[in-house]
């Protein structure tokens, strides 16, 4: 097992995968009662700039809407985005998305989840 610390955060998990189309891709962190679901929602809207929007669905599910993330060179967040608490520590993510080619909707996604500082009596 390799433990990876980036700055003041510990890497919880990292995945690189391909999406097959626009729409939703679900990621689940943890198992059972502690599980948190993240929904990456890729949308394209004419006339809008690239945008990332966090939309809470319920206390265990977060929709991450990625509007117009379709650059063949890639689009990313430049700092970790705080999204909640996991295992009594602040939970952050970073994402890098690169559209595969000039036609179609396939995207290469690298998603990293990080744990930050401890939270007193924090719950998922």
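Scanning the stretch 29-51 for residues that are within 14 Å of the chain's Cα centre (by Cα) and either touching a residue at least 40 places away in the same chain (Cβ under 8 Å) or surrounded by fewer than 12 Cβ atoms within 10 Å (Cβ to Cβ) (or both), we see that the one that is farthest from residue 110 (Cα to Cα) is 36. Looking only at residues in the stretch 65-92 that are on the phi > 0 side of the Ramachandran plot and touching a residue at least 40 places away in the same chain (Cβ under 8 Å), the one that is surrounded by the most Cβ atoms within 10 Å (Cβ to Cβ) is 84.
Scanning the stretch 93-111 for residues that are free of Cβ contacts under 8 Å to residues at least 60 places away in the same chain and in contact with a strand residue (DSSP E or B) (Cβ under 9 Å, 6 or more places away or on another chain) turns up 93, 94, 95, 96, 97, 98, 99.
Only the coordinates and a few stated rules stand behind these numbers; no lab work does. Quick caveat: nothing in here was measured; it's all calculated off a predicted structure. As a convention, Cβ positions derive from the backbone with ideal geometry for all residues, glycine included, and neighbour counts pool all protein chains shown.
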